[in-house]
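Written below as structure tokens is the structure these notes are about.
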Amino acid sequence: MTTHYLVLSALLFAIGAVGVLVRRNAIVVFMCVELMLNACNLAFVTFARQHGNLDGQLIAFFVMVVAAAEVVVGLAIIVTIFRTRRSASVDDANLLKY
Amino acid sequence: MEPVEIIQHSGGVIGVAWLMIALPLLGAAILLLGGRRTDRWGHLLGVVMSLASFAVAVLAFVELLGMSGDQRRREIELFQFIPGMVDMGLLIDPLSIAFALLITGVGSLIHIYSIGYMSHDPGRRRFFSYLNLFVAAMLLLVLADNYVGLYIGWEGVGLASYLLIGFWQHKPSAATAAQKAFIVNRVGDFGLAIGVFLIWTTFGSVAYGPVFQVAGQAEQGVLTAIGLLLLLGACGKSAQLPLQSWLLDAMEGPTPVSALIHAATMVTAGVYLVVRSGAAFFPVGSTAALVVTVVGVATLLAGAIIGTAKDDIKKGLAGSTMSQIGYMMLGAGLGPVGYVFAIGHLITHGFFKANLFLGAGSIMHAMNDEVDMRKYGGLRKLLPVTFVTFFIGYLAIIGFPLLSGYFTKDGIIETAMHHSPVLGWLAVLGAGITGFYMSRMVFMTFFGQKRWAEDAHPHESPAVMTVPLIILSIGSIFLGGYLVLGNTLANWLAPAVGGPEEPIEFHFVTTPGIATLVLVAIGAAFAWMKYGRAEVPVVAPRGSFVTTFARRDLYGDAINESLLMRPGQWLTRLAVFFDNRGVDGVVNGIAAGIGGTSGRLRRIQTGFARSYALSILFGAAVVAGALLLVGNI
């Protein structure tokens, strides 16, 4: 019964991971990260249901809070970078290196 | 007769004998710390301190004379130097007081002479402070009642010698000579230090009294080892083979220094050490005593041969000093009779050699500091006092009958002959060579034609310089006869070093005595033919290989250089190479390796966020895979 949820979770996570790796647009990469987080949430909730305790659900709430905070900070950074460099490509923001 | 027991003493002049050391030390301290303020009267303070020390020595001597023979070894406690190990004290006995009289007496004369000799030198105050320092250290050396005190004095005179040889340190040759003297002496001092350590571990004491009392009970091998180590020290200080090379270069110092330190007193410290330790570590017939005599004979010949070829008057006298100390060493290895003549020769030599050196200084003073005898000639008319005193010193050193050197040197030769004919005849040969080189010196300097430099205007030295010369020459005439005839010195020294079984009788007519005189006469005649009657070339002729051999100090420096210096240089080069390539190589290699690796590793930081994400994903996958694997096991 829970297998379907877990397969869905894994699919969502894989889509998110591939998206982070292959897409250049920072906004899309960001959305893919959200996708991976939510895939994790789904897995947590599924296991919580399966084992009959609330630990997983609790963690899911934490993840949501962290994801919300991350969106706030991350979007602010992306907007600032776009304003200064006229580009939202993650490959262009490569100054911090050796 | 055995040496008498040492008696604790307090009170009287002997009770304050430490003043002998303290006064010149105070003088040196005032002059060194006072600086330029003392320039005007510094030399007078130096002379006064030396004379005061002489006065204390004379009073102590008189007090000792007032005691019976078996009371004449007095020990004064001063302070605990190293608690439980060294109690510093002074031993006032016939031997040490004889030395103290010689050091302070001849020392004071040389102090007075230096007032005149150094009058134009801007560093005169410094010179006198060093002289005072030397007198203090030398007195500590001979008066200390233990080997540690002797060692401190020993190093002190070494320091004073170093400072005074290099007194004109603006001359590179003087600076080098000072360093050479110091370094060569280090070899000898090393031996002395190890010898003192060995005495401490063997006997549990370093004081003369206890050590000599139980010395007979120690193993023969240990005694021989101590003896040889002490002899090594004596060889360094007394410029005996194989540590003789520094003395000739030491003539770079001012002439009064050569007279006081490198002729009359310091270089005889080795003889003092051997005689002082004689009964315990150099008994007649022991290996150590044999080595002492061999060293003595070898040096007396080597010094005499070097003396024959030197054109520098001071270096000629330095070779002669080596040779005469060789005689003393020979005597010091021959037991109680030898001790008497060794100390006797030491005292008379102190007088006539100081006389000769100060005479040489007077000549140099007259000749614009020229030392090359080939540029002297015909000086006897212009320097009458110097000539007469120098001539008396000359007669004394070649052993002219009835002068000082005759009695003491002949005594050593007779004793050596009695002991072993080989040593005796070699000593006779040395006396013959002495006759040649000293005559050569006198003829080249005072006789023949004038060969002066153009700007030379010889003049007699002032009275402050000639009076000491006259006093010393009087000693050179009478002292030997006084000490030897009637057994004066033998009876005097007997409580300290042990006396001979029966009184020494001095025979005037003996085979070796006559042979010596004949050889000396032949040497002097040969010198007259070559340097008196014939014309002396101003530039030294090349000469045969024997002359070169003697001129180059018997290749002593060359031997030291090839045997010690070159291997030492190779060793240091090897060490430097090992340090640069080996040790530094490892350290630098590790650093370069880490640097290079990090240089390559940082290329991973590309700045592309997506490649970081890929590595994170990959790492997470690896961790997950590993967990799965471990979980399955």
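The values are calculated or read from the model by the stated rules, or taken from the named source; none is laboratory data. Since the model is a prediction, treat every value here as computed from it, not as a measurement. Here Cβ is always computed from backbone atoms with ideal geometry, including for glycine, and neighbour counts include all displayed protein chains.
The one condition from (1) closer than 29 Å to A:ALA17 by Cβ; (2) within 12 Å of chain A (Cβ to nearest Cβ) that B:GLY631 does not meet is (2). Of the residues screened, B:ILE194 is one that is surrounded by fewer than 19 Cβ atoms within 10 Å (Cβ to Cβ), under 15 Å from B:LEU273 (Cβ atoms) and either at pLDDT 90 or above or of a type in the set (Gly, Ala, Ser) (or both). Residues that are within 11 Å of chain B (Cβ to nearest Cβ), surrounded by fewer than 20 Cβ atoms within 10 Å (Cβ to Cβ) and over 19 Å from A:ALA69 (Cα atoms) within region A:16-48 comprise A:VAL18, A:GLY19, A:LEU21, A:VAL22, A:ARG23, A:ARG24, listed in sequence order. Restricting attention to region B:115-173, and to residues there that are under 14 Å from the mean Cα position of the chain (by Cα) and among the small types (Gly, Ala, Ser), which single residue is surrounded by the most Cβ atoms within 10 Å (Cβ to Cβ)? For region B:115-173, the residue satisfying everything is B:SER161.
Go through region A:49-92 and count every residue that is in a loop (DSSP other than H, G, I, E, B) and either touching a residue at least 40 places away in the same chain (Cβ under 8 Å) or more than 14 Å from chain B (Cβ to nearest Cβ) (or both). Walk me through it before giving the result.
Of region A:49-92, the ones in a loop (DSSP other than H, G, I, E, B) are A:52-54, A:86-88, A:90-92.
Cutting the leftovers down to either touching a residue at least 40 places away in the same chain (Cβ under 8 Å) or more than 14 Å from chain B (Cβ to nearest Cβ) (or both) gives us A:52-54, A:86, A:88, A:90-91.
Total satisfying the criteria: 7.
Within region B:507-537, being crowded, with 18+ Cβ neighbours inside 10 Å, more than 18 Å from B:GLY405 (Cα to Cα) and modelled with pLDDT of 85 or more holds for one residue alone: B:ALA527.
Once region A:1-15 is narrowed to residues that are assigned to a helix (DSSP H, G or I) and aliphatic (A, V, I, L, M), the residue that is farthest from the other protein chains (Cβ to nearest Cβ) is A:LEU8. Scanning region A:3-15 for residues that are of a type in the set (Ser, Thr, Tyr) and surrounded by 14 or more Cβ atoms within 10 Å (Cβ to Cβ) yields A:TYR5, A:SER9.
The helices (runs of 4 or more DSSP H) found wholly in region B:266-362 and carrying at least 1 residues that are under 30 Å from B:PHE446 (Cα atoms) occupy B:287-309, B:313-332. Pairs are defined by a Cβ separation below 6 Å, a sequence spacing of at least 6 or placement on different chains, a first member in region B:197-223 that is assigned to a helix (DSSP H, G or I), and a second member that is acidic (Asp, Glu); the pairs so defined are B:TYR208/B:ASP145. Among residues of region B:612-626 that are at the interface with chain A (Cβ under 10 Å from one of its Cβ atoms), those with a Cβ under 8 angstrom from a residue that is in a helix (DSSP H, G or I) and surrounded by 11 or more Cβ atoms within 10 Å (Cβ to Cβ), sequence gap 6+ or separate chain, pair up as B:ALA613/A:VAL20; B:ALA613/A:LEU21; B:LEU614/A:LEU21; B:LEU617/A:ALA17; B:LEU617/A:LEU21. Against the test of being part of a strand (DSSP E or B), touching a residue at least 12 places away in the same chain (Cβ under 8 Å) and surrounded by fewer than 22 Cβ atoms within 10 Å (Cβ to Cβ), the options B:ASP87, B:ASP70 yield a single qualifying residue, B:ASP87. Considering the conditions (1) within 14 Å of another protein chain (Cβ to nearest Cβ); (2) surrounded by 13 or more Cβ atoms within 10 Å (Cβ to Cβ), A:LEU96 is excluded by exactly one of them, (2). Note on region B:367-385: residues that are farther than 16 Å from B:MET438 by Cβ and under 26 Å from the mean Cα position of the chain (by Cα) total 4. Criterion first (part of a helix (DSSP H, G or I) and surrounded by fewer than 19 Cβ atoms within 10 Å (Cβ to Cβ)) does B:VAL385 satisfy it? So B:VAL385 passes the test.
A quick yes/no check of all residues on (1) more than 24 Å from B:ASP553 (Cα to Cα); (2) at pLDDT 90 or above:
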site: B:LEU159; (1), (2): yes, yes
site: B:ALA178; (1), (2): no, yes
site: B:SER205; (1), (2): yes, no
site: B:GLY216; (1), (2): yes, no
site: B:LEU260; (1), (2): no, no
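Of the residues screened, B:GLY42 is one that is in contact (Cβ under 8 Å) with a residue 60 or more places away in the chain and among the small types (Gly, Ala, Ser). Assess whether B:GLY596 counts as being within 15 Å of A:ALA17 (Cα to Cα) and away from every other protein chain (no Cβ under 11 Å). Judged against the criteria, B:GLY596 is not a match.
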